[in-house]
Amino acid sequence: HPYVQDMSIQPVVIYDGECRFCQWSVRRIRKLDRTALFEYLPRQARQVDERFPQLSESDFNTGLRFIQNSNEIRVGADALYEIYRRLPVYRHVAWVYRLPIFRQLIRAGYAIIARNRHRFGRVECDTGSCAVSSERSV
């Protein structure tokens, strides 16, 4: 069955660790992940480039990454679907993503949020510490 997870290799969620909105989103997922189904790594962690060299040129403005079996990579809304379909509370409604019209709508919404994620992150800031650095685009 395509939805049976291979438990021998823990899937990895990779996100932009310099983005406050991304950090907040991953904290929410981690709270739901009560059985530690996933490993969580910020994109900026040294081991990401070592373990997943195929991500070295990835544009994280397209969203987080979900990696299963070291080489199956899902991006953005597709990655969120892979995460939520494995979480007990959401697995019963995640199937909606497989319906073409919902998948298109969710992907479009995710793309808008991903492109503007630093703006959403600034809402949580009281100081200028969340300013987006233009030096490093991942």
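The values are calculated or read from the model by the stated rules, or taken from the named source; none is laboratory data. Because the structure is a prediction, the values reported are computed rather than measured. Glycine also receives a Cβ, built like all others from the backbone with ideal geometry; neighbour counts cover every protein chain displayed. Just so you know, the surface numbers come from the protein's heavy atoms only, side chains and all, with ligands and any DNA or RNA stripped out. Shrake-Rupley method; radii C 1.70, N 1.55, O 1.52, S 1.80 Å.
What to note about this one:
- Just one of the listed residues (Y15, Y97) is out of contact with any Asp or Glu (no Cβ under 6 Å at 6 or more places or on another chain), buried (at least 17 other Cβ atoms within 10 Å of the Cβ) and without any contact (Cβ under 8 Å) to a residue 24 or more places away in the chain, namely Y97.
- Inter-residue pairs, beta-carbon under 6 Å, first under 20 Å from Q54 (Cβ atoms) and in the stretch 71-85, second in a loop (DSSP other than H, G, I, E, B), 6+ apart: V75/G63; G76/G63; A79/L64
- In the stretch 100-124, the residues that are in contact with a Gly (Cβ under 9 Å, 6 or more places away or on another chain), hydrophobic (A, V, I, L, M, F, W, C) and open to solvent by 40 Å² or more (accessible area, probe 1.4 Å): I113
Every residue, every condition in (1) at pLDDT below 95; (2) in a helix (DSSP H, G or I); (3) within 23 Å of R20 (Cβ to Cβ), yes or no:
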| position | (1), (2), (3) |
| --- | --- |
| Q54 | yes, yes, no |
| E57 | yes, no, no |
| N61 | yes, yes, yes |
| F66 | no, no, yes |
| S70 | yes, no, no |
| E82 | no, yes, no |
| Y90 | yes, no, no |
